[in-house]
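Chemist: Right, I'll just put the structure down here and ask away after.
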Amino acid sequence: MTLSSSVSEPQYPLIRSVGEAAVTVEFGDRLDERCNTAAIVFDAALRTMALPQILETAPTNRSVLIRFDPLDLAPQTLRGLLSDLLSDRDWYASELPEGRSLWRIPVKYGDEEGPDLEDVAALLGVEAEDVIHQHSADRLRVNMIGFSPGLAYCGALPEPWDFARLDHVKPEEPVGSICVAVRQTVIFPIAMPTGWRRIGLTPFRNFDLQRDPVFLMEPGDEVAFKPICKDEFEDLMTRVLSGESVVEREVLS
């Protein structure tokens with residue numbers, strides 16, 4: 001006798017519990033522009049509702065984390081509220097919120113500023129100059145702000161850039177590192193360890209406690225990387241250290 005079993009595919013959007021005081025609303029199980037759009041727009045809708053029992057929301061590549069006070073809002077009540085909101089429209093077909101920004105970010109690629117550029121070129125089967133051209137050719141969306149304050153995850157790069165992270169962790173990469181893996185670019189707001197490959201360095205700072213606002217980029221924004229030479233990089237770094245902004249911002253519709 002042959003026994004068979006099947007596991008049904010999850011139906012998205014999907015609400016999952018995360019401990020006793022948080023839930024996630026998942027719009028898919030992989031990096032996808034439609035899922036990311038849905039997450040960003042759904043998060044914006046929750047923020048507009050401004051429910052005092054919802055303490056925090058955070059959109060990711062494909063989901064929204066919702067942290068709430070279970071003493072003021074029963075989990076089942078929250079689930080009902082989220083289900084009603086999910087049925088309100090097709091979140092995957094939504095337009096991104098107005099007021100987004102395009103950030104034009106200068107990057108010194110290669111050399112000591114981008115020690116992994118040649119390795120990435122080998123992975124892509126191209127020359128180092130082609131890596132720079134490909135990386136700076138198209139605008140990328142800020143899909144999410146990650147675990148570190150102001151850590152922007154930007155994507156998606158072309159399919160050949162879907163290579164894995166390193167099989168080891170580097171002890172520390174500097175603030176402003178431009179690192180790549182799994183079709184994404186991350187812009188380091190602080191120095192920290194990583195398994196991502198660094199192809200460049202930018203003087204741009206997305207996180208600055210002495211600035212108002214402290215964070216500049218938000219999910220749904222776009223970035224365009226501008227290659228610069230060593231002299232330009234050093235000049236911009238001098239200006240940054242004196243408190244000057246060196247990034248160009250354009251307001252999108």
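The values are calculated or read from the model by the stated rules, or taken from the named source; none is laboratory data. Nothing here was measured: the structure is a model prediction, and the numbers come from that model. Note that each Cβ is placed from the backbone with ideal geometry, even for glycine, and that neighbours are counted across all protein chains shown. To get the accessible areas, we keep the full protein, side chains included, count just its heavy atoms, and leave off ligands, DNA and RNA. Shrake-Rupley method; radii C 1.70, N 1.55, O 1.52, S 1.80 Å.
Chemist: Using only Cα atoms, find the angle between the long axis of helix 33-49 and the longest principal axis of the chain, and express it within 0 to 90 degrees, rounded to the nearest 10.
Modeler: 70 degrees
Chemist: Just name one of 182, 242, 23: the one whose Cα is farthest towards the positive end of the charge dipole of the chain (beta-carbon charges, Lys/Arg +1, Asp/Glu -1).
Modeler: Of the listed residues, the answer is 23.
Chemist: Right, next: How tilted is helix 230-241 with respect to the longest principal axis of the chain? Cα atoms for both, answer in degrees (0 to 90, nearest 10).
Modeler: It works out to around 60 degrees.
Chemist: Leaving out ligands, DNA and RNA, what percent of the accessible area of the chain is carbon and sulfur, probe 1.4 Å?
Modeler: 50 percent
Chemist: Additional query: If we restrict to alpha carbons, what Rg and Dmax does the stretch 1-133 come to, in Å?
Modeler: Spelled out, the Cα radius of gyration and Dmax of the stretch 1-133 are 20.9, 65 Å.
Chemist: Sequence gap at least 6, Cα distance under 8 Å: using those rules, report the relative contact order of the chain to the nearest whole percent.
Modeler: 20 percent
Chemist: For all pairs of alpha-carbon atoms in the stretch 133-196, what percent lies in each bin of width 5 Å, listed from the first bin to the last filled one?
Modeler: 4, 18, 27, 27, 17, 6, 0
Chemist: How many angstrom lie between the Cα centre of the stretch 14-28 and the Cα centre of the stretch 166-222?
Modeler: So the separation of the two Cα centres works out to 27 Å.
Chemist: Taking only protein heavy atoms into account and a 1.4 Å probe, give the accessible area per residue of the stretch 44-84 in Å².
Modeler: With the other protein chains kept in place, the stretch 44-84 gives 56 Å² per residue.
Chemist: Reachable aspartates and glutamates from residue 230, Cα under 14 Å, same-chain residues fewer than 8 places away excluded?
Modeler: 111, 112, 113
Chemist: Report the semi-axes of the equivalent ellipsoid for the stretch 66-120 in whole Å, largest first, where each axis is √(5λ) for an eigenvalue λ of the Cα gyration tensor.
Modeler: Equivalent ellipsoid of the stretch 66-120: 43, 19, 12 Å, largest first.
Chemist: Further, regarding this structure: Per the Kirkwood treatment, what hydrodynamic radius in Å, one decimal, follows for the stretch 160-205 from the mean inverse distance over all distinct Cα pairs?
Modeler: Evaluated on the stretch 160-205, it is 10.6 Å.
Chemist: If exposed means no more than 13 neighbouring beta carbons inside 10 Å and the site is in a DSSP loop, what's the longest run of the chain without any exposed GluC sites (Glu not before Pro)?
Modeler: 128-243
Chemist: Amide H neighbours of residue 190 under 5 Å, at least 5 residues apart or on other chains, H built in the peptide plane: list them.
Modeler: Placed amide hydrogens put 176 under 5 Å from residue 190.
Chemist: If you filter the stretch 126-199 for chymotrypsin sites (Phe, Trp or Tyr not before Pro), then keep DSSP loop positions with at most 11 other Cβ within 10 Å, what is left?
Modeler: 147
Chemist: Using the Kirkwood radius over Cα pairs, work out the Stokes-Einstein diffusion coefficient for the chain at 20 °C and 1.002 mPa s, in µm²/s as a whole number.
Modeler: D, rounded to a whole number, is 108 µm²/s.
Chemist: Along the charge dipole of the stretch 109-243, which of 137, 215, 125 sits closest to the positive end, that is, farthest toward it, with unit charges on the beta carbon of Lys, Arg, Asp and Glu (+1, +1, -1, -1)?
Modeler: 215
Chemist: On to the next question. Measure nothing but the geometry: give the 0 to 90° angle between the long axis through the Cα atoms of 128-137 and the longest principal axis through the Cα atoms of the chain, rounded to 10°.
Modeler: The angle comes out at about 50 degrees.
Chemist: Continuing with the same structure: For the residue pair residue 89 and residue 250, what label-to-label distance in nm results when each label sits 7 Å from Cα along the Cα-to-beta-carbon direction?
Modeler: That separation, rounded to one decimal, is 2.6 nm.
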